[in-house]
Amino acid sequence: MKLNYFNLLFLAVLVFLLSLIFGCESFKDKGHDGIKPLEHYKDDDPYDASSSSTRLEWQKPQFVIESLGDISDKVIADIGAESGYFTFRLAKKAKKVIAIEIDPEMIELIELFKQNVDLSMQEVIDTRKALPNDPRLRNGEIDIALIINTIGYIEDKVDYLKRVRRGLNEDGLLLIVDFKANGVPQELIYSPDILVKLEDIYKDIENSGFHVVKVNEHALPYQYMIWAFK
């Protein structure tokens with residue numbers, strides 16, 4: 001569904017105000033990757049918004065990205081990119097980032113935000129409209145697949161992960177970060193229905209042909225991290 005006139009007007013005004021307030025590298029994330037929109041912003045992290053605690057604190061995006069190692073020569077698919085919370089951070093370090101989304105409004109929002117970052121970052125970021133059951137990756141086109149706060153929305157996880165696997169090169173890496181089944185504050189998620197138990201997604205990853213190499217349940221307060229190779 002295309003943006004209507006009022007949405008376009010709102011987005012144009014938003015981008016203009018952000019460019020005035022934060023400059024070319026700073027703006028607030030509006031989509032929150034399936035996380036509830038929250039009202040109070042913290043000035044020391046322009047991407048972050050939260051109520052009781054900031055997303056910067058519980059998501060630890062810098063730690064997540066550093067866990068991928070040296071990505072300077074890597075092509076990364078940010079699957080379920082929403083408005084680009086990780087996309088723009090990745091673009092500062094990666095060779096290329098493909099922001100994959102099923103929502104065309106989020107894609108348009110990323111494209112609008114791209115206009116307010118350095119040209120070098122703009123050239124790194126591509127957007128791609130995906131399908132709910134298909135990330136639409138070409139065979140072997142990416143080095144890393146990043147799926148954050150998204151796996152719970154995918155119905156047939158094994159089939160989807162098989163498609164992701166085909167998109168990775170022979171040494172490709174998959175990193176899934178998502179909410180634990182218990183202990184997650186209600187203000188961070190839309191519904192408990194999107195929560196996937198670690199043991200369940202572990203099985204889905206292996207059943208799709210990946211080899212799980214590492215699991216971390218403790219680095220992030222509300223989320224687990226799973227690394228797997230093709």
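Numbers for the structure displayed
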{"quantity": "Options Ala77, Ala81, Ala94: the member that is assigned to a loop (DSSP other than H, G, I, E, B), within 21 Å of Asp178 (Cα to Cα) and either hydrophobic (A, V, I, L, M, F, W, C) or free of Cβ contacts under 8 Å to residues at least 60 places away in the same chain (or both)", "calculated": "Ala81"}
{"quantity": "Any hit, segment 174-197, residues being touching a strand residue (DSSP E or B) at 6+ places or on another chain (Cβ under 6 Å), surrounded by 15 or more Cβ atoms within 10 Å (Cβ to Cβ), at pLDDT 95 or above and in a helix (DSSP H, G or I)", "calculated": "no"}
{"quantity": "Residue under evaluation Val117, criteria (1) modelled with pLDDT under 95; (2) exposed (fewer than 15 other Cβ atoms within 10 Å of the Cβ); (3) assigned to a loop (DSSP other than H, G, I, E, B), criterion not met", "calculated": "(2)"}
{"quantity": "Selection within segment 200-229 - among the aromatic types (Phe, Trp, Tyr) and touching a His at 6+ places or on another chain (Cβ under 8 Å)", "calculated": "Phe229"}
{"quantity": "Counted residues, segment 152-173 - those being farther than 18 Å from Lys230 by Cα and either touching a Gly at 6+ places or on another chain (Cβ under 6 Å) or assigned to a helix (DSSP H, G or I) (or both)", "calculated": "2"}
{"quantity": "Filter pass, Asn216 being among the polar types (S, T, N, Q) and more than 19 Å from the chain's Cα centre (by Cα)", "calculated": "no"}
{"quantity": "Residue among Asn182, Asn169, Asn116, Asn139 that alone is in contact with a Cys (Cβ under 9 Å, 6 or more places away or on another chain) and among the polar types (S, T, N, Q)", "calculated": "Asn116"}
{"quantity": "Segment 128-142: number of residues that are assigned to a strand (DSSP E or B) and touching a residue at least 40 places away in the same chain (Cβ under 8 Å)", "calculated": "1"}
{"quantity": "Sole exception among (1) more than 14 Å from the chain's Cα centre (by Cα); (2) surrounded by 15 or more Cβ atoms within 10 Å (Cβ to Cβ); (3) farther than 26 Å from Tyr222 by Cα; (4) hydrophobic (A, V, I, L, M, F, W, C) for Leu131, by number", "calculated": "(2)"}
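The values are calculated or read from the model by the stated rules, or taken from the named source; none is laboratory data. What you see is a predicted model, and the numbers here were worked out from it, not measured in a lab. Reconstructed Cβ throughout: ideal geometry from the backbone, glycine too, with neighbour counts over all protein chains shown.
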